[in-house]
Amino acid sequence: MNNVTLIEHTPNPEQTVALAARLCYSPSSINDLRSKLEASDIEAFLDKIMSLGHHSVLEHASFTFGIEGISRVTTHQLVRHRIASFSQQSQRYVSHKEDFTSIMPDTIAQNPDAREIFAFMSETVHKAYTQLIAIGIPAEDARYILPNATETKIIMTMNARELLHFFSLRCCQRAQWEIRQMSIEMLRLVKVLAPAIFREAGPGCVGGSCPEGRFCCGQTAEVREFYKNLE
C-alpha cells in the first residue's frame, strides 16, 4: 500500500479561492473584500461559482503531497499530468545496491506460481544490478536493467483545479489499480481541508453520467455512494 502525506498547502484554501472569485465581480479593494468575507459565506459562494463553471479561481489553491511506496509504473502515469510539479527520487544518484524494493500487484501476490516467478525475477535483477555496480558500472547505467516494479518516491504539487481533473480520471474504477489507490488517499486528505471545493470530487460519474460510455464499469451507484461517504 502506498503512503501518501499532505506536506504543504495554501493556508485557508477555500477562503483564498473565494476571495479571488469575489474580486472578479466587485469594485472593492482586496483588503475590503478580505475583511467582509465571512466563513459562513464561503461555502455557499464556492458552490455558486463552481456550478457556474468559474473554475480558474481554483488555481490559487495548491497542495503538495509526499508519496512513497509506489512503483515506477505509477509515476510514469503520474507525470502525464502536466499542470503539476514533480520531484522524484533519482535512480542516477540513489543506488539500489543495498535496498531494492519491488511493488507486487495483488494478482501476482495471491497466485503462488506467479509470486514465485516475480520473486525469482526480482532477485535475479537485484543480483545483476549489484554485480554491475561492483565492476564499476555507474548507477546511471546499471539502472537500465531495473524493472517498472521498482519502488520509488515522489513529491508532487497540484492546484485545486488540476486536482479535480486528476481525480476525475484516476479515481475511476477503470484506472490502473495502483494510481487509483493513491488518488483516493490524496482525495481523503484534501477533502478535510477544502470540503466545499472537493465535495463532488472523484470519478466523472460522481457528479454526472459516466464518461466511459460502453466501457462503463456498471457500478455507478456504488461508486457514488463510496465517494459521498469518503472521509
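Scanning segment 206-231 for residues that are out of contact with any Gly (no Cβ under 7 Å at 6 or more places or on another chain) and part of a helix (DSSP H, G or I) yields VAL206, GLY213, ARG214, PHE215, THR220, ALA221, GLU222, VAL223, ARG224, GLU225, PHE226, LYS228.
For segment 3-28, residues that are of a type in the set (D, E, K, R), surrounded by 18 or more Cβ atoms within 10 Å (Cβ to Cβ) and at pLDDT 90 or above total 1.
Of all the residues in segment 1-23, those that are outside any strand (DSSP E or B) and closer than 26 Å to SER85 by Cβ number 15. For segment 37-55, taking the residues that are touching a residue at least 12 places away in the same chain (Cβ under 8 Å) and either under 20 Å from the mean Cα position of the chain (by Cα) or not in a helix (DSSP H, G or I) (or both), the one that is nearest to TRP177 (Cα to Cα) is identified as HIS55. For first residues located in segment 189-200 and in the same structural domain as SER168 (by TED's automatic domain parsing) and closer than 12 Å to GLU43 by Cα, partners that are modelled with pLDDT under 95 and surrounded by fewer than 17 Cβ atoms within 10 Å (Cβ to Cβ) and lie 6+ apart or on another chain with Cβ distances below 6 Å form the pairs ALA196/GLU43.
Return a yes/no flag: does segment 111-124 have any residue that is closer than 30 Å to ARG161 by Cβ and of a type outside the set (S, T, N, Q). Checking segment 111-124: not a single residue is closer than 30 Å to ARG161 by Cβ and of a type outside the set (S, T, N, Q).
Entry remark, segment 56-74: residues being of a type outside the set (D, E, K, R), farther than 30 Å from SER102 by Cα and either more than 26 Å from the chain's Cα centre (by Cα) or assigned to a helix (DSSP H, G or I) (or both) number 4 in total. Does SER168 qualify as being free of Cβ contacts under 8 Å to residues at least 60 places away in the same chain, in a helix (DSSP H, G or I) and under 27 Å from the mean Cα position of the chain (by Cα)? Criteria met by SER168.
The residue list PHE118, PHE166 contains one member that is of a type outside the set (Lys, Arg), touching a helix residue (DSSP H, G or I) at 6+ places or on another chain (Cβ under 8 Å) and under 26 Å from ALA201 (Cβ atoms), which is PHE166. Taking segment 135-168 as the range and being aromatic (Phe, Trp, Tyr) and under 30 Å from PRO11 (Cα atoms) as the test, the residues that pass are PHE166, PHE167. Here PRO195 clears all of (1) outside any loop (DSSP other than H, G, I, E, B); (2) under 30 Å from THR16 (Cα atoms) except the condition numbered (1). Give segment 189-200 a look and list any residue that's surrounded by fewer than 18 Cβ atoms within 10 Å (Cβ to Cβ) and under 12 Å from the mean Cα position of the chain (by Cα), or say none. Listed by number, the list holds a single entry, LEU189. Of all residues in segment 212-231, those satisfying the criterion of being touching a residue at least 24 places away in the same chain (Cβ under 8 Å) and either more than 30 Å from LYS153 (Cβ to Cβ) or touching a Cys at 6+ places or on another chain (Cβ under 9 Å) (or both) are GLU212, PHE215, CYS217, GLN219, VAL223, TYR227.
Taking the residues in segment 171-180 that are part of a loop (DSSP other than H, G, I, E, B) and touching a residue at least 40 places away in the same chain (Cβ under 8 Å) as candidates, determine which candidate is surrounded by the most Cβ atoms within 10 Å (Cβ to Cβ).
Checked segment 171-180; the qualifying residue surrounded by the most Cβ atoms within 10 Å (Cβ to Cβ) is CYS171.
Scanning segment 181-188 for any residue that is β-branched (Val, Ile, Thr), in the same structural domain as HIS76 (by TED's automatic domain parsing) and either surrounded by fewer than 17 Cβ atoms within 10 Å (Cβ to Cβ) or within 11 Å of the chain's Cα centre (by Cα) (or both) turns up at least one such residue.
The values are calculated or read from the model by the stated rules, or taken from the named source; none is laboratory data. None of the values given here were measured: they were computed from a predicted structure. Every residue, glycine among them, receives a Cβ derived from its backbone with ideal geometry; neighbour counts consider all protein chains shown.
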